[in-house]
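The values are calculated or read from the model by the stated rules, or taken from the named source; none is laboratory data. From a predicted model like this one, the values you see are computed outputs, not experimental measurements. Cβ atoms come from the backbone with ideal geometry, glycine included; neighbour counts cover every protein chain shown.
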Amino acid sequence: MAARSGLALLAAWLVCETALGAGRLHGTVETVGDARHTGALTWGDHRFWDEPLVAGRPLAGEPPQTEERPGFRFSLFGVRLFHDDDETEGLARFVVPFGEIRSITPDGDSAATIELRNGDTVKVRSIGADIGSRIGRIVVEAPDGRTAVPWQQVRRVQFSAGPPSVADSDRLWGTATTRAGKFTGFVRWDKDESTPGDELDGQAEGRDWSIPFGDIAAIEPKGSLAARVILKDGREVVLRGTNDVNEDSRGLEIRTPLRATVTIDWDALVRLDLASAPESPGYQRYDAGRLLRGRVRLADGTTRAGPIAWDRDETHTFETLDGETDGLAWSIPFGEIASIRPVDGRSEVRLRDGRVLTLGGSNDVDASNRGVVVEAEGTTTVLSFGAVTVVEFD
């Protein structure tokens with residue numbers, strides 16, 4: 001499965017994004033002591049608008065029945081789904097790019113209210129390190145200094161566009177050659193290092209090495225235990241001994257111009273070539289998305305059309321469909337998906353750029369899917385994955 005580059009689309013995207021301004025997270029942190037700190041933000045290990053905040057929220061509706069129950073209804077679209085007594089049991093992942101968020105208001109050590117750019121609010125709970133006390137401190141970098149604010153001291157974070165920045169100074173960009181094709185975009189090595197100042201760690205020649213990514217031209221895995229590192233000055237070194245340079249790596253993330261993320265396993269990666277980066281997507285690019293809408297065609301020949309909640313949790317175009325193929329893990333915004341067709345326990349996913357991926361390995365795309373919620377003709381119905389022939393998105 002080779003990826004097609006779409007050079008015209010990429011060129012247009014780069015011109016647009018360069019004009020929109022800085023890609024770094026930016027905003028104002030208001031504290032419970034009435035202080036206000038404004039500047040570039042570091043949120044856990046997130047620093048850019050297109051990186052996702054991951055939290056938990058309740059599933060929509062009840063599990064689908066083997067046979068559909070006529071007249072079954074529940075509140076979903078346009079009605080609050082979240083209640084103060086919701087607990088962590090039964091939470092589904094809510095994944096939203098920081099660029100789609102207007103503000104975040106903490107609610108204790110493990111919950112928060114997220115206000116989207118369109119004014120909608122979503123109550124979420126911690127299922128990782130992006131919400132709650134596990135995040136540690138929110139770092140604000142301002143012209144007059146650097147401030148780290150603990151979660152417990154945060155009253156509200158208001159996001160805003162930052163000043164323009166030099167494109168190739170703040171982020172890694174490159175092309176990953178894999179056994180399934182080539183992918184170009186913003187880079188997070190080991191799901192961690194994403195800027196030229198971050199360092200690649202390893203051992204060679206009897207000593208420890210920490211090489212800034214800004215000095216690296218390319219990286220090639222050498223079996224399961226080492227990596228060949230080619231520096232911009234022409235030197236080469238084979239590093240080993242850390243998960244930066246062996247099969248224990250958490251994966252190489254490439255964020256493509258179409259906002260999809262491809263995570264590449266160590267044994268699927270042939271080579272990463274780094275290059276000067278374009279400007280990162282700016283805050284002005286985002287608009288909080290739209291509700292998912294489309295047509296669900298069923299095995300019995302009928303069709304339901306209207307708002308959709310996929311897998312009983314994804315309801316907006318900025319949320320992602322997750323799946324795996326050929327040593328690659330895909331995370332694709334629903335806004336880039338034309339249709340999904342269940343096929344032999346997996347899913348054939350057709351993208352709007354014409355590519356077709358056959359994905360498995362997650363409940364978004366296999367038989368463990370929790371159901372498709374459709375609001376049609378005043379009735380909201382939960383359909384089982386097995387009852388669906390194809391879903392076509394508007």
Quick one: which of Glu314, Glu279 is out of contact with any Phe, Trp or Tyr (no Cβ under 7 Å at 6 or more places or on another chain) and charged (D, E, K, R)? Glu279
What residue, among those in the stretch 230-282 that are polar (S, T, N, Q) and not in a loop (DSSP other than H, G, I, E, B), is farthest from Asp190 (Cα to Cα)? Thr261
When the stretch 365-394 is examined, which residues are found to be of a type in the set (A, V, I, L, M, F, W, C), buried (at least 19 other Cβ atoms within 10 Å of the Cβ) and under 17 Å from Asp322 (Cβ atoms)? Val365, Val372, Phe385, Val391, Phe393
Which of the following residues is modelled with pLDDT under 95, hydrophobic (A, V, I, L, M, F, W, C) and within 29 Å of Ala161 (Cβ to Cβ): Leu291, Leu383? Leu291
Are there any pairs, at least 6 apart or on different chains, whose C-beta atoms fall under 7 Å, with the first in the stretch 291-311 and under 24 Å from Phe94 (Cα atoms) and in the same structural domain as Ile337 (by TED's automatic domain parsing) and the second assigned to a loop (DSSP other than H, G, I, E, B) and of a type in the set (D, E, K, R), and if so, which? Arg293/Asp394; Gly294/Asp394; Asp311/Asp364; Asp311/Arg370
For the stretch 151-173, what are the residues that are part of a loop (DSSP other than H, G, I, E, B) and of a type in the set (Val, Ile, Thr)? Val166
Can you name the number of the only condition in (1) farther than 19 Å from Asp265 by Cα; (2) crowded, with 16+ Cβ neighbours inside 10 Å; (3) hydroxyl-bearing (Ser, Thr, Tyr) that Ser362 fails? (1)
Criterion: crowded, with 16+ Cβ neighbours inside 10 Å and either in a strand (DSSP E or B) or outside the structural domain of Arg250 (by TED's automatic domain parsing) (or both) - qualifying residue of Ala176, Ala148, Ala129: Ala176
So is Leu258 within 30 Å of Ile216 (Cβ to Cβ), in contact (Cβ under 8 Å) with a residue 24 or more places away in the chain and out of contact with any Phe, Trp or Tyr (no Cβ under 7 Å at 6 or more places or on another chain) or not? yes
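Conditions tested, residue by residue: (1) more than 21 Å from Gly251 (Cβ to Cβ); (2) at pLDDT below 90; (3) in contact with a Pro (Cβ under 9 Å, 6 or more places away or on another chain).
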residue	(1), (2), (3)
Ala111	yes, no, no
Ile131	yes, no, yes
Val149	yes, no, no
Arg156	yes, no, yes
Thr178	no, no, no
Lys182	no, no, no
Gly185	no, no, yes
Arg188	no, no, no
Asp215	yes, no, yes
The lone condition Thr263 fails out of (1) more than 20 Å from His46 (Cα to Cα); (2) among the hydroxyl-bearing types (Ser, Thr, Tyr); (3) touching a Leu at 6+ places or on another chain (Cβ under 8 Å) is (1)
What number of residues within the stretch 357-392 satisfy the criterion of being under 20 Å from the mean Cα position of the chain (by Cα) and within 22 Å of Thr317 (Cβ to Cβ)? 7
Residues that are in a loop (DSSP other than H, G, I, E, B) and either touching a strand residue (DSSP E or B) at 6+ places or on another chain (Cβ under 8 Å) or hydroxyl-bearing (Ser, Thr, Tyr) (or both), drawn from the stretch 329-350: Gly345
